[in-house]
Amino acid sequence: MGTKSHLVASALFAVQSVLAPPAFASVEYLLQAWGNLDTYCLGTTPTTEEQREAQRTACGGRSDVQEALDLLGWCYGRQGEAGAEMAWHQCDDTSLR
């Protein structure tokens, strides 16, 4: 399996695991899923329609996971942080929402 095919398969597996998570997905599980989907969503340059569809699916899945984390009281980034400084944390008064 070539590198690009492997990336497509990895993204589809990550999305499938997010769309059908364990009945009681832990925050740690969701954070790992978000990271995997974010890597594929932002870290690839698709060259085929199959790859573009996989990337769209990964980006959509990432948004779904982010919504779930928000509902659980987790936020990504704080006021005044640059993008590279942002990390997931339990929401507080300085959190970006």
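Here, each number is a calculation from the coordinates, and none is a lab measurement. Only a predicted model underlies this, so the values are computations on that prediction, with no experimental measurement involved. Here Cβ is always computed from backbone atoms with ideal geometry, including for glycine, and neighbour counts include all displayed protein chains.
Around Thr57, with a cut-off of 14 angstrom between Cβ atoms, what is the net charge of the other residues, counting Lys and Arg +1 and Asp and Glu -1? Counting the neighbours of Thr57, the net charge comes to -2. Each residue of the stretch 66-71 was assigned a 3J(HN,Hα) from its phi angle through the Karplus expression (A = 6.51, B = -1.76, C = 1.60, θ = phi - 60°), giving 4, 5, 5, 5, 4, 5 Hz with x at Gly and Pro.
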